[in-house]
Amino acid sequence: MQIKRQMAMVFNLDKCIGCQTCTVACKNVWTNREGAEYMFWNNVESKPGIGYPKEWENQDLYRGGWVRKEGAEAPKLRNASRFWEMINLFFNPVMPQMEAYYGKGPFTFTYEDLHSNESTTRSQPVARPKSMITGEEDIPLEYGVNWEDNGAGVTEDGTGGLDYNFKDMSPEERQAFLSYQKVFMFYLPRICNHCMNPGCVAACPSGAAYKREEDGVVLIDQHRCRAWRYCITSCPYKKVYFNWRTGKMEKCILCYPRIETGQPPACFHSCVGRIRYMGPLLYDMDRVPAAANVPDLELVQAQRDVILDPNDPQVIEEARKSGIGEPWLEACRRSPVYKMVKEWRIALPLHSEFRTMPSLFYVPPESPVQTTGNGHGNIRMAGKDDGKQHLPNLEEFRVPIKYLARLLAAGNEQEVKTALTRLLAMRAYRRSMRVYGQSNLEVLKQAGLTEKQAIEMHRLLALAHYHERFVVPTAHREATANAPYIERGFAGYDEMAPGAQPRRRQWFHGAKQEVGS
Ligand code: SF4
Ligand code: SF4
């Protein structure tokens, strides 16, 4: 057992209102500067839609992430073999171009015209589009970070037909859900997932991308980066960006200066919907390669199995031996992420079929039951007058289970159904108490929940205060003081005694690299 620490996250999609406050907070703090105009380390997409950059989920197009290797101990990177990197050294055919992020380039508007236009005209002044790079005005607007806001243009003929998550649905089913009358949508906030098996780290030929020992945050060493850009290719979430001014790669740093002092990142802190949760996890690094190589439908459970129980005496003993301190262990026991992911199974990883094992999990959105046919406008969980609770038929939800399963469970519909049933059961239980004055435990039993769990779930999802949503242990210098710079960061997890000679060693489940030179 090789125990590692991971700062992990949960976003509750049921509560995101798409206000973009998180996006603005991140933009203002980290990417409001030259060379980073087009970057959005945090962005919020409307689903269905193809997102930012265009069609990032389609790995037939971008060839990111890992693929399963039958009979092997670990998956392999889809595209980043040394041979492939050599032959594509000067032109990478699967790299998203600016057109996929921003059409003709990042733009703003001539807002100053609204304030300073002194001429008297018959019509109101307007702000015209203007390039953020060249300053050229009236540039054509073809795409942007929030292009499909609130489902804009997401029809069969628009971008909707290209949404990767319709993959498992027939053209008729897809058409039915994209037709105007039955349209559904929800918001999907995205940041770097600080994966347990990061494609970006494994693909970096310079060893610039690394995973911090102290909390699993994935960073890019700006001194080591040589802008090969294979991290862009191998990140299936397209959350690494090239800065044209510095010539280096950049990505979300999970506001590590804040988390070191016990505060959540800026986007978490500012979230208006209070949809975001942060807490530490312990996981077994030795089991990561095999867990990332199981068949698609087993991936979610395999990742859960890698996460360790912080109350298990054997885990605690091993963690102490690995130098993990009591404050971190205590935080793991209080972690809201552990509860939602492992205990209650209501939070699922985004596109686990990419096999990077994300540390960011999503509570799937509940949605109204379709109004056609039965005349009920809302979830019918407690609608009958017989005093009993009735869970709705998940197949009648406006957001198709198949769609959510493709998005959050590598196609495993049962995982999504379990999560949704538990959420609905918790709501039905609360409603039975408030409306009927009697606890309906039957509905919890149907969903496999205990009353204690339902009460805790309700507290965390609906009422939790700041320190319940964010359990962030402060960093201790002594915890990493003996990890020399070159060793601490290089390709994630290796350890070497100070002063020891460089040696060949394993580099993320397969490829080898000389280090220390
Ligand atoms: Fe790397 Fe983040 Fe992409 Fe995961 S989501 S592969 S950690 S850049
Ligand atoms: Fe959603 Fe919160 Fe971001 Fe608003 S601030 S868009 S609620 S994640």
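The values are calculated or read from the model by the stated rules, or taken from the named source; none is laboratory data. On a predicted model such as this, the values are computed, not experimentally measured, just so you know. Don't worry about glycine lacking a Cβ; one is built from the backbone with ideal geometry, like all the others, and counts go over all protein chains shown. Side chains included, ligands, DNA and RNA excluded: accessible areas come from the protein's heavy atoms. Shrake-Rupley method; radii C 1.70, N 1.55, O 1.52, S 1.80 Å.
Distance between the pseudo-spin-label points of residue 296 and residue 19 (7 Å out from Cα toward the beta carbon): 3.7 nm.
Residue-wise HN-Hα couplings along the stretch 343-348, as the Karplus relation 6.51 cos²θ - 1.76 cosθ + 1.60 with θ = phi - 60° gives them from phi, are 6, 9, 6, 9, 10, 10 Hz; Gly and Pro carry x. Distances between placed amide hydrogens fall under 5 Å for residue 209 paired with 221, all partners being 5 or more residues away or on another chain. Looking at the stretch 162-207, I'd like the Rg to Rh ratio, where Rg is from alpha-carbon atoms and Rh is Kirkwood's inverse mean 1/r. Taking Rg over the Kirkwood Rh, I get 1.23.
Once you sort the root eigenvalues of the Cα gyration tensor of the stretch 1-40 as a ≥ b ≥ c, which label holds: rounded (a/c under 1.5), prolate (a/b larger than b/c) or oblate (the other case)? Oblate, since a/c reaches 1.5 and b/c is not below a/b.
For the chain, what is the accessible area per residue in Å², given a 1.4 Å probe and the full set of protein chains? It amounts to 44 Å² per residue over the chain.
Is the shape of the stretch 206-304 best called rounded, prolate or oblate, per the rule: a/c under 1.5 gives rounded, else a/b larger than b/c gives prolate, else oblate, with a ≥ b ≥ c the square roots of the Cα gyration tensor eigenvalues? Cα axes put the stretch 206-304 in the oblate bin.
Taking only the alpha carbons of the stretch 268-342, we obtain Rg and Dmax values of 14.2, 40 Å in that order.
Each Lys and Arg Cβ is given +1 and each Asp and Glu Cβ -1; about its Cα centre, the chain then shows a dipole of about 700 debye.
Summary of packing: across the peptides 188-198, 419-429, 437-447, the per-residue average of other C-beta atoms within 10 Å ranks them, highest first, as 188-198, 419-429, 437-447. The alpha-carbon of residue 445 sits under 22 angstrom from the alpha-carbons of these lysines, leaving out residues fewer than 8 places away in its chain: 339, 342, 384, 388, 417.
Of the chymotrypsin sites (Phe, Trp or Tyr not before Pro) found in the stretch 75-111, those that fall in a DSSP loop while having at most 10 other beta-carbon atoms within 10 Å are 90, 91. Residues 145, 217, ordered by accessible area of protein heavy atoms at a 1.4 angstrom probe radius and largest first, appear as 145, 217. When each of the peptides 60-70, 246-256, 3-13 is scored by the mean number of other C-beta atoms lying within 10 Å of its residues, the order from highest to lowest reads 3-13, 246-256, 60-70.
The alpha-carbon of residue 130 sits under 24 angstrom from the alpha-carbons of these lysines, leaving out residues fewer than 8 places away in its chain: 27, 54, 104. Surface listing: 317, 156, 142 arranged by accessible area from highest to lowest gives 317, 142, 156, probe 1.4 Å. Per the Kirkwood formula applied to alpha carbons, the stretch 161-237 shows a radius of gyration over Rh ratio, Rg over Rh, of 1.20. How much of the accessible area of the stretch 1-131, in percent, comes from carbon and sulfur atoms when a 1.4 Å probe is used? Ligands and nucleic acids excluded, carbon and sulfur give 54 percent. Cα centroid separation, the stretch 99-160 to the stretch 441-466: 45 Å. Spatial offset of the stretch 323-369 relative to the stretch 230-246 amounts to 25 Å, using the alpha carbon center of each.
The listed residues 342, 76, once ranked by accessible area (1.4 Å probe) with the largest placed first, stand as 76, 342. Of the residues 202, 35, 65, the one whose Cα sits farthest towards the positive end of the charge dipole of the chain is 202 (charges of +1 on Lys and Arg Cβ, -1 on Asp and Glu Cβ, taken about the Cα centre).
When restricted to Cα atoms, the chain yields an Rg and a Dmax of 23.8, 78 Å, respectively.
Taking amide H atoms as placed 1.01 Å from N in the peptide plane, the amide H of residue 107 lies under 5 Å from those of 132, each 5 or more residues away in sequence or on another chain.
Would you please classify the overall shape of the stretch 78-164 from the alpha carbon gyration tensor, given that a ≥ b ≥ c denote the square roots of the eigenvalues, rounded means a/c under 1.5, and beyond that prolate means a/b larger than b/c while oblate covers the rest? Because a/c hits 1.5 or more and a/b fails to exceed b/c, the stretch 78-164 counts as oblate.
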